[in-house]
Amino acid sequence: KKGQLLALIYSPELYAAQQELITAASLKSTQPQLYNAVKNKLKLWKLSDAQINQIESSGKVRDKFPVYATVSGIVTQKLVAEGDYVKQGEPILKIADLSSVWASFDVYENQIQQFKEGQNIEITTNAIPNKTFEAQVDFINPILNTSTRTVKLRAVLNNKEDLFKPGMFVKGLVKTDAKKTEEVIQIPATAVMWTGERSLVYVQTNPDEPIFKMRDVVLGNRVGDRYEIIS
């Protein structure tokens, strides 16, 4: 939870800064600029106003200083053990707020023009069968992955009920109003054989004979369980 005590830490610099604050507090009527400078220094180290006021009012320096969580979430990684030495700015815990999560999809190069930010997308997952979740396209990466010839498309999912887990597979469905001006050939997705850079299909040239010919094809959009053939 936000504000929860995470650790106690000893820092010579923080110990000295507390002493500076106590000294500057006794001089704040005559040297307010010095007092404010010391106070701002502690604020830059993520000390809250309540913590600073407590040091000032008590006049006592704490040797072990509490570190509180600045956000609520799930601890995804613990980077230190008790007694470890940590450098200034080094993380001690990784905390993720999973109340909303990203659904990330790969969009093929020839499909990019069909998508835009703000577009509605229906999301399903095998982990939660018979249920559809509504989301919107939040971001489309402007850079193409040259290895997979795809771009990343991202949608934001409300996860207040903790239904989605990081790393879970999801499927996205986008409905388009695009109308075809010409007929296209469609084939079952299972008919395509992948050989690296080429897409191959075998065509039965005569329905009465078990003879097949190999065809090198260029695939278009995948619609459900079928691919369009561009050429």
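The values are calculated or read from the model by the stated rules, or taken from the named source; none is laboratory data. Quantities reported herein were computed from a predicted structural model and do not represent experimental measurements. Cβ coordinates were reconstructed from backbone atoms using ideal geometry, including for glycine residues, and neighbour counts include every protein chain displayed. Note: areas computed on protein heavy atoms with side chains; ligands, DNA, RNA excluded. Shrake-Rupley method; radii C 1.70, N 1.55, O 1.52, S 1.80 Å.
How large is log10 I(q)/I(0) at q = 0.12, 0.13, 0.24 Å⁻¹ when the Debye formula is applied to the Cα atoms of region 55-155, each weighted equally and without solvent? Log10 of I(q)/I(0), two decimals: -0.69, -0.75, -1.23.
At 0.36 nm per residue, and after removing the present C-alpha to C-alpha distance, how many nm does the segment from Asn36 to Asp106 gain when stretched out fully? Let's see the in-between values first.
Details: separation 70, 0.36 × 70 = 25.20 nm, distance 5.17 nm.
Net length gain for the segment: 20.0 nm.
A crude spin-label estimate for the pair Gln19 and Lys165, with each label 7 Å from Cα along the Cβ direction, gives 5.2 nm. Charges on Cβ only, +1 for Lys and Arg, -1 for Asp and Glu, centred on the Cα centroid of region 109-231; of Phe133, Gly220, Ile230, which one is farthest towards the dipole's positive end? Sorting the options by dipole projection puts first Phe133.
So what's the back-of-envelope 222 nm ellipticity for the chain, counting only DSSP H runs of four-plus at -39500 (n - 2.57) apiece and dividing by all residues, rounded to 500? Don't skip to the end; give the middle numbers.
Numbers: 3 runs with 37 residues, N = 231.
Roughly -5000 deg cm²/dmol at 222 nm, from the helical runs in the chain.
Each 10 Å bin, from zero up to the one with the longest distance, holds this percent of the alpha carbon pairs of the chain: 6, 20, 19, 15, 14, 11, 8, 5, 2, 1, 0.
Within region 1-85, report the GluC sites (Glu not before Pro) that DSSP leaves as loop and that have at most 14 other Cβ atoms within 10 Å.
Details: sites: Glu13, Glu20, Glu56, Glu82; in loops: Glu82.
Here the sparse-neighbourhood loop sites are Glu82.
Relative to the Cα centre, the charge distribution of region 1-77, modelled as +1 at Lys and Arg Cβ and -1 at Asp and Glu Cβ, gives a dipole magnitude of about 200 debye.
Expressed as a whole percentage, what fraction of the accessible surface of region 1-139 belongs to carbon and sulfur atoms when a 1.4 Å probe is rolled over the protein heavy atoms?
51 percent
Annotation for region 110-195: GluC sites (Glu not before Pro) lying in DSSP loop with at most 16 further Cβ atoms inside 10 Å of their Cβ are Glu117, Glu161, Glu182, Glu183. Of the complete DSSP H runs in the chain, none spans 15 angstrom or more by Cα along the long axis with a mean Kyte-Doolittle score not below 1.0. Put a dot 7 Å past the Cα of Leu5, heading toward its Cβ, do the same for Leu44, and the two dots end up 2.9 nm apart. Ranking Pro207, Val75, Met193 by how far each Cα lies toward the positive end of the dipole of the chain (charges on Cβ) leaves Val75 at the top.
Reported to the nearest whole Å, the Cα centre-to-centre distance from region 186-231 to region 1-70 is 70. On the basis of the beta-carbon distance and an R0 of 41 Å, Phe115 and Glu90 show a calculated FRET efficiency of 0.55. For region 60-99, the square roots of the Cα gyration tensor eigenvalues, ordered a ≥ b ≥ c, give a/c of at least 1.5 with a/b no greater than b/c, which places it in the oblate category.
On average, how much accessible surface per residue is there in the chain, in Å², for a 1.4 Å probe, leaving out ligands, DNA and RNA? Write down the numbers at each step before the final one.
On the way: 17110 Å² over 231 residues.
Accessible area per residue, the chain: 74 Å².
Can you send over the solvent-accessible area of Thr125, 1.4 Å probe, protein chains only, in Å² to the nearest 10? Accessible surface of Thr125 is approximately 10 Å². Of the cross-linked pairs Lys46/Lys116; Lys87/Lys160; Lys1/Lys41; Lys46/Lys171, those separated by over 30 Å at the C-alpha level are Lys46/Lys116; Lys87/Lys160; Lys46/Lys171. Among Lys131, Lys213, Lys152, the largest mean-square fluctuation in a Gaussian network model of the chain (Cα springs under 10 Å) belongs to Lys213. What the pair-distance distribution of region 124-173 shows, using all Cα-Cα distances binned every 10 Å from zero, is 20, 48, 26, 6 percent.
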